[in-house]
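These notes are about the structure you will find just below.
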Amino acid sequence: MVLTMFNQLIKNLASLGLLFFLLSNSALAQQTYTLKFATLIPPDTAWVDRIQQWNDELEQQSNGRLQLKIYPGGVMGDEPDVLRKIRSQQLHGAFFTGYGISRIYPPARVLEMPFLFRNIEESDYVRKQIMLEIEAGFEQAGYQLLGWPEVGFLHFFSKLPITSLEELKSRRIWLWQGDPMGEAFAEAAGVSPVPLSIMDVYTQLSAQHGSIDTVYNSPFGALAMQWHSKLSYASNVPMTNAIGSLVVSQRFYNTLPQDLQQLLKTTGKKVAEDINQDSRRDNAKSIELLKQSGIEFSWDWNEAEQQQMLQIRDRAAEILDESGYIPEAHFTRVKNILSDYRDNQPDQ
Amino acid sequence: MNKSLRHLFLLCLLLQLGGCSFAELTVRASMPMIEGGMLAVNREDDLLLAEAAMPANIELMEGMLINAPDHRELRNYAAQAYYGFAYGFIEDQQPQRAAKLYRRGLNHALYNLHDQGLSQAILNGPLTELEQQLAQLGQKSVPALFWAASNWAKWIDHNRNQAEAIAQLPRAVLLMQRVLQLDENFYYAGPHLFFGVYHGSRSPMLGGNFELSEKHFDKARQLNLQPLLIIDLLQAEFLDRQRFDQPAFHARLSKLIQQDVSAATDLALINNIAKRKAQRLLEKEAEWF
């Protein structure tokens, strides 16, 4: 009798346990997640349209369990502000430029070393080879790197002609305040730049006696930020291919069930590739539009200038190694991958 | 030739000598009706009636412009009508259609500006040359400049996903800067509203300037003697949103909706449009903040 009652009790408990298990599983299946995502890119632009499409895809493929809440146009502040908000969990993810990336995993910016890549194919190839290391670096810093959309090749833009290195040195060049990479290059080149927050660039360019007359940006960036309306000249030779990233905090990522983690990663990678295509298209088109606006592109380097620039770059790399910002091993590895790639190109 | 035919012949001769066709004369004679029609629409507080009436007014103006293509005032009214119709009734539901209407409004205003020396080549050429040419324009160019800049900026806003459109923004801004210099009071201090939106709708990183935006909105309030709700609407929609100031956004729009503006009869249409748009913006509050 006692045994029967005990067996019954066990059965009841088991049923209850099963019920509880089913209930909690069902609750889990119904749980919805909202990824609060910020970007400086203005609303309704092609890139934000892509992020909106990403949201649509996430919602559709997760049956409404995962969605983005998008804060475009810098409403959440500049990149350091957004990083602070991610750390305090007010936000969960963002689109960052190299500036924001440098506060997550600085060695990733080895891909922004000036005058490294001759073309987009070289940049794409090297990036693929070191992507796993970069993803691991982001993860260690508490972030998942979902995708790698690029800002594009950066050019110098100026109110005054820039036709030689000496001329460039005489200009009042803006430096993105707090960017160790820019600081290293300025030091290596013997240039005294004017450090300013990116927030102040337009105002200073607009002012009659502003503190800067020369800046750097991608052609589309110069157009989208309206800097081009204050400038007259640009350098033909691009400095570097500026990187961007789609990231989500590891803390948020860890709250997601495995299928949603996977969904976020696969769709994030795809949207970054789409933005990449847009970026390349818009940057190419923007050069023509800038010329129409009256901006004169000039300064094609001769051999001696090219060598001089590479020496400056290598000196800057030493400075960045000494500060531990980009260890020398990373730069050497990238140079070796690039060298192997070039050796295997029939036209090189 | 009988007497009346002789008179008609003489009249036609006189008209031709004056460089004015019979059709043009008719258009000129009809202008008070057009002006009266515009005033009546602006006083309309029934949005359904206004929405139904505006296309007929626009088509009437288009028809008249076929007969009198160089009628400057009529062109400006047409540019204004396209802007008003697209902004008030179309853009919230059909943004792509609105973009086409803004483009048509822009073309009417540009027609006048071409006549005043602002050729297509100058409008599309280097910005410094455009600025120099604009400095030559005076008071009589204000309406065309204002409606060109207003329609142009709206067209750009609806095509922000294209680099070509973004590249045109400084041109629209230069046109409106000239209006600001020539007549800051034009169309309910419209130049100040334009720059309130222009400086307030972008992050400082992208050239926005919140303080300057606020100053322009305040100046527009100061210059308007009657309550113009569109000022609060635009400040909430652009500046409060960009500042991520949800309490200000909510309070400004809620207050606007409650405000009794029935005494401002000439502003009935624009104020009622502002109220309807404010309601729509409040519905987006949870999405934006």
Taking every pair of alpha-carbon atoms in the range B:218-266, give the share separated by more than 16 Å as a whole percent. 42
Return the average number of partner chain Cβ atoms within 10 angstrom of each residue Cβ along peptide B:163-173. 6
Could you tell me which residue out of B:Ser141, B:Gln168, B:Tyr87 lies farthest along the dipole of the range B:52-169 toward its positive end? Charges go on the beta carbon: Lys and Arg +1, Asp and Glu -1, centred on the Cα centre. B:Tyr87
Cα atoms only: what Rg and Dmax, in Å, come out for chain B? 20.9, 80
Measure nothing fancy, just the Cα-based angle from helix B:268-283's long axis to the longest principal axis of chain B, in degrees from 0 to 90, nearest 10. 30
So what are the ³J(HN,Hα) numbers for the range A:289-303, from phi and the Karplus equation (6.51, -1.76, 1.60; θ = phi - 60°), rounded to whole Hz, Gly and Pro as x? 5, 5, 4, 4, 6, x, 7, 9, 8, 8, 6, 9, 5, 8, 4
Base-10 log of normalised Debye intensity for the range A:43-149 (one unit scatterer per alpha-carbon) at q = 0.12, 0.14 Å⁻¹: -0.51, -0.69
If you stretched the chain out fully between A:Gln261 and A:Gln140, how much longer would it get, using 0.36 nm times the residue separation minus the C-alpha to C-alpha distance? 41.8 nm
Which whole number gives the average, over all residues in A:218-228, of C-beta atoms from other chains lying within 10 Å of the residue C-beta? 4
For a footprinting-style exposure proxy, rank B:Trp152, B:Trp288 by other Cβ within 10 Å, fewest first. B:Trp288, B:Trp152
The ³J(HN,Hα) series, computed from each phi in the range B:99-116 with the Karplus coefficients 6.51, -1.76 and 1.60 at θ = phi - 60°, rounded to the nearest Hz and given as x for glycine or proline, is 4, 5, 5, 4, 4, 5, x, 4, 4, 5, 5, 5, 4, 5, 5, 4, 4, 9
For A:Tyr71, other-chain or 5+-apart residues with amide H closer than 5 Å (H placed, Pro excluded) are A:Phe37, A:Ala38, A:Thr39
Residue by residue, what Karplus-based ³J(HN,Hα) values in Hz, rounded to whole numbers, does the range B:184-196 have, using 6.51, -1.76 and 1.60 with θ = phi - 60° and x for Gly and Pro? 5, 7, 4, 6, 6, 6, x, x, 5, 5, 4, 6, x
Percent relative contact order for chain A, counting Cα pairs under 8 Å at least six residues apart, stands at 23
Report, to two decimal places, the Cα Rg of chain A normalised by 2.2 N^0.38 Å (N = number of residues). 1.21
Between helix A:2-30 and chain A, what is the angle of the helix's C-alpha long axis to the longest principal axis, kept within 0 to 90° and rounded to the nearest 10? 30
In Å, what is the Rg of the alpha-carbon atoms in the range A:265-348, and how long is Dmax? 18.3, 46
Sorting A:Thr203, A:Thr39 on the 10 Å Cβ count, fewest up front, what's the list? A:Thr203, A:Thr39
Degrees, to the nearest 10: A:120-140 long Cα axis against longest axis of chain A: 50
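Can you check how the C-alpha radius of gyration of the range B:158-263 compares to 2.2 N^0.38 Å, as a plain ratio?
On the way: Rg = 14.5 Å, N = 106, 2.2 N^0.38 = 12.9 Å.
That ratio works out to 1.12.
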Across peptide B:205-213, what mean number of C-beta atoms from other chains lies inside 10 Å of a residue's C-beta? 6
For the protein assembly as shown, state the average projected area of the convex hull of the C-alpha atoms over all orientations, rounded to one decimal in nm². 43.5
Which whole-percent values make up P(r) of the range B:31-145 when all C-alpha to C-alpha distances are grouped in 5 Å steps starting at zero? 2, 11, 20, 20, 18, 14, 9, 5, 1, 0
Which residues qualify? For A:His155, with a placed amide H closer than 5 Å and at least 5 residues away or on another chain, they are A:Asn217, A:Ser218, A:Met239
Taking the range A:189-278, how much of its Cα-Cα pair set, in percent, is spaced more than 18 angstrom apart? 63
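We did not get these values from a lab; they are worked out from the coordinates using the rules stated. Computed from a prediction, not measured in an experiment: that's the story for all the values here. In this analysis, Cβ positions are derived from the backbone assuming ideal geometry, glycine residues included, and neighbour counts consider all displayed protein chains.
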